[in-house]
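*Asks:* Following this message is one structure expressed as structure tokens.
The values are calculated or read from the model by the stated rules, or taken from the named source; none is laboratory data. All figures in this text were calculated on a predicted structure; none of them were measured in a lab. FYI the Cβ positions are ideal-geometry reconstructions off the backbone, even for glycines, and counts take in every protein chain you see. To get the accessible areas, we keep the full protein, side chains included, count just its heavy atoms, and leave off ligands, DNA and RNA. Shrake-Rupley method; radii C 1.70, N 1.55, O 1.52, S 1.80 Å.
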Amino acid sequence: MSHALLNERLLELPLFQGMSKGDIEEVVSSTKFVHRSYAKGKTIINEDDTCDSLYFLVKGTISATSHADDNGYSITETFTAPEIVQPERIFGLTQRYTCTIKSLTDCTFISLGKMETLTLADRYEIFRLNLLNMICTKSQRLTRFPWRTQPKDIRHKIARFVETRCLKPAGEKTVHIKMERLSDEINESRLNVSRELNTMNNEKIIALRRGEIQIFALEKIIKG
């Protein structure tokens, strides 16, 4: 990737937003970025892989699939560039990815090693603040979940179940789960859950298939 194109790509990424063009030029000249290309359908990261680099998606669309501890269900999310893959996992107690990342289209990534990340954070205040804001926002959102008012109806119970397990509370999600498991998770009868899912399917909010619920835009159910 040429320096000019790399400059352009970095300016699109949240961690580098607010940096001057001069700083970006300096970063590109002095930092080791690794350019990675993946064809459609490739596995890029496996769940539980060690997180020793930041992966920036600069072109294409990916899926991120997370599983329950007992593998009883999973949720797949879709992300389109520009995007960064689980930056909060590069530091802290558990430095491993919690999802499997696959390419849904031909994709281009730029990766940045942990030591390079620390060097940039030490050298550039804006980069450091962007990284801290990103990690703190994630932490603050998670700590607020237990204090939110519990949903009263089945539709919003389903939305809350999905929302609390997603990397982002918006966009397309595909939940691979049996009806019995979902009803147990939200403490509702299987019949009532089935009725609500079929109603949402008829309203074209979701697409319901055997063992699978495709949610077209989770934020619409959360706010609905």
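*Asks:* List the number of the failed condition for Arg165; all other conditions in (1) over 22 Å from Leu104 (Cα atoms); (2) touching a strand residue (DSSP E or B) at 6+ places or on another chain (Cβ under 7 Å) hold.
*Replies:* So Arg165 meets the others, but not (1).
*Asks:* Also, quick follow-up: For Thr149, are the conditions met, namely being on the phi < 0 side of the Ramachandran plot, among the hydroxyl-bearing types (Ser, Thr, Tyr) and open to solvent by 70 Å² or more (accessible area, probe 1.4 Å)?
*Replies:* For Thr149, the condition - on the phi < 0 side of the Ramachandran plot, among the hydroxyl-bearing types (Ser, Thr, Tyr) and open to solvent by 70 Å² or more (accessible area, probe 1.4 Å) - is met.
*Asks:* Which of the residues belonging to segment 186-205 are open to solvent by less than 30 Å² (accessible area, probe 1.4 Å), hydrophobic (A, V, I, L, M, F, W, C) and farther than 15 Å from Phe161 by Cα?
*Replies:* Met200
*Asks:* So which residues in segment 161-176 are open to solvent by less than 40 Å² (accessible area, probe 1.4 Å) and not in a loop (DSSP other than H, G, I, E, B)?
*Replies:* Phe161, Val162, Glu163, Lys173, Thr174, Val175
*Asks:* A follow-up question, please. Residue by residue through segment 106-117, note down the ones that are farther than 20 Å from Glu8 by Cβ and not basic (Lys, Arg). Spell out the reasoning first.
*Replies:* Kept after step one, since they are farther than 20 Å from Glu8 by Cβ, are these residues of segment 106-117: 113-115, 117.
Gly113, Met115, Thr117 - these are the residues of segment 106-117 that are farther than 20 Å from Glu8 by Cβ and not basic (Lys, Arg).
*Asks:* In the list Ser183, Ser111, which residue meets the criterion of being free of Cβ contacts under 8 Å to residues at least 24 places away in the same chain and open to solvent by less than 70 Å² (accessible area, probe 1.4 Å)?
*Replies:* Exactly one residue qualifies, and that residue is Ser183.
*Asks:* Within the set of pairs 6+ apart or on separate chains, which have a first residue in segment 24-47 that is part of a strand (DSSP E or B), a second that is small (Gly, Ala, Ser), and C-beta atoms under 7 Å apart?
*Replies:* Pairs that qualify, where the first residue is part of a strand (DSSP E or B) and the partner is small (Gly, Ala, Ser), are Val34/Ser111; Arg36/Ser111; Tyr38/Ser103; Ile44/Ser103.
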